[in-house]
Structures are given as C-alpha cells and as structure tokens.
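One structure is given here, and the rest of the page talks about it.
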Amino acid sequence: MVGLATATVLAPQGPARSADVLGVERTSPDHLRAPFRTYAPQESLPWRPRRTESQAVYSLPMGLEGMATIDHTLSRLCQRGAFGQKIDGYYWAATPKRRYGVAFSGGANLDDPQKQAKPGKTYFFHGQDSRCVVYVGDQAKLMPHYIGP
C-alpha cells in the first residue's frame, strides 16, 4: 500500500501546463555593450611612452681586437644585472662580425649602481643577459672610429 501511494505521488499528473514551466526572462541588450567611458590618455597614464631610436657611434672595421679587452669582473656584474646599458642597444658599434651595445663612462646609457666605471672608458656589451660579456676600451684610442650624430 505504501508503494502504491508513492507511485501515485511521483507519477506525472498529465501534460505540463504553461504556468508550471519557468519562463525565460530576457535581459536588455545593453548588457552586451562596453560601458561608455570618456578619458584622456594623458591624464590616465602617469608615464608617457618614449620613442627611442638606436644610434651607431663607432664603426670598427677590424673589430674590437686591439681596441678593447674583456673585463671579467664587469662581465660577471653585467650577468647579474649590476652593470649594463640603460637601454640595450641604444648606442651601438658596428664590426664585421657583430653589433655591440655601447655605454660611456660619463653615464651616457650606463647603468652602474656600484660605481665601477672608470673615467675615459667606453664599454662594449655583447648580450645583456646571463651570458653578457663586457669589453672595455679607451675613448681616446677609439676616437678615430667615432661616427656620432
């Protein structure tokens, strides 16, 4: 008897009426649009993008041989990010084999928080990552090869 009563309670009572079916409510199509915002880019951004163009400063047809030597201490500092160019490749030197990034001891394009730069020197960078190699040359010796702006 209990089984028969349960079966009658659970059995459908005929076709479903439209009042029993939940209706789908439609939302306003405005929810699909992006919110309208007016802003001035100069006011919303505290910084302005700078446009920088690289510039060749030395043309070395014989390469760095005889002009600069490897400095292992500065190379290790460069590999750790403690000595390097402010903007990688902003100044560069052209050689037959490759292009080197250049920074000057006076601070032009040089990031040197530990004050390792010596006056009158030019620093050439091959890579600016964990394999960075730094070459040091005398500015006076390199002056005949200077091709500034």
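The values are calculated or read from the model by the stated rules, or taken from the named source; none is laboratory data. On a predicted model such as this, the values are computed, not experimentally measured, just so you know. Neighbour counts run over all protein chains shown; Cβ positions are idealised from the backbone, glycine included.
Quick rundown of the values:
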quantity: Selection count where residues are part of a helix (DSSP H, G or I), without any contact (Cβ under 8 Å) to a residue 40 or more places away in the chain and within 18 Å of the chain's Cα centre (by Cα), scope the range 71-91; calculated: 1
quantity: Top-ranked residue of the range 44-60 - restricted to ones that are touching a strand residue (DSSP E or B) at 6+ places or on another chain (Cβ under 9 Å) and part of a loop (DSSP other than H, G, I, E, B), ranked as modelled with the highest pLDDT; calculated: Leu60
quantity: Candidate set from the range 118-149 (those that are assigned to a loop (DSSP other than H, G, I, E, B) and under 26 Å from the mean Cα position of the chain (by Cα)); member that is farthest from Leu60 (Cα to Cα); calculated: Ser130
quantity: Matching residues in the range 104-117 - criterion: being polar (S, T, N, Q) and either under 17 Å from Lys141 (Cβ atoms) or in a strand (DSSP E or B) (or both); calculated: Ser105
quantity: Any hit, the range 92-103, residues being part of a loop (DSSP other than H, G, I, E, B) and in contact (Cβ under 8 Å) with a residue 40 or more places away in the chain; calculated: no
quantity: Identity of the residue in the range 65-100, in contact with a Gly (Cβ under 6 Å, 6 or more places away or on another chain) and closer than 14 Å to Thr122 by Cβ, that ends up surrounded by the most Cβ atoms within 10 Å (Cβ to Cβ); calculated: Ala68
